[in-house]
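A short write-up of the structure that comes next.
Derivation of every value follows stated rules applied to the coordinates shown; laboratory data play no part. Please read all numbers here as calculations on a predicted model, not as lab measurements. Cβ sites come from the backbone with ideal geometry, for glycine too, and all protein chains shown count toward neighbours.
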Amino acid sequence: AVDIEHTGVVRESLLRSLMAQPSTIGLGLTADGRLRSMVVARPSTSGYLVGPLYADDEPTATALLAALASQLGPVPLSLDVPTSNPAATRLVARFGLAASSHRVRLVQGQPLALPLERIYAITGPEFG
């Protein structure tokens, strides 16, 4: 349910597929029996791709990314961060990450009303 709240689409099979990949790590926080905040990291050719990262607030996003980085150890991390969320930009800067490229998301028709303030990293352009 937390993923559909942030993407507007059902991606349960995608997330299960991501989590089934070797060396993929997922962390989550629950409240009232519901998954509220989560982060997933999967191996790439140059470290780990982090995303999605959804959190109720900046301190929660920071705690999730710190816990993930602690589990992964000293490996390069890559995140696709929505610049429409200033807290996400601050988060990656706090972890010493710098922009290496920029992407623009194009939509036809009305964009979905998503909780952008809770999206700190997307799954990646190959997954949306």
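Okay, which of the stretch 63-85 sit inside 16 Å, backbone N to the point 7 Å along the Cα-Cβ direction of S23? Within reach of a label on S23: 69-78. Derived scalar couplings between HN and Hα for the stretch 111-117 equal x, 5, 7, 10, x, 4, 5 Hz in order, rounded to whole Hz, by the Karplus curve 6.51 cos²θ - 1.76 cosθ + 1.60 (θ = phi - 60°), x for Gly and Pro. Ordering of 45-56, 66-77 by packing is 45-56, 66-77, highest average first (other Cβ atoms within 10 Å, averaged per residue). Distance between the pseudo-spin-label points of E12 and S70 (7 Å out from Cα toward the beta carbon): 3.2 nm.
You can think of it this way: the chain between T30 and F95 has 21.0 nm of extra reach, that is 0.36 nm per residue less the Cα-Cα gap.
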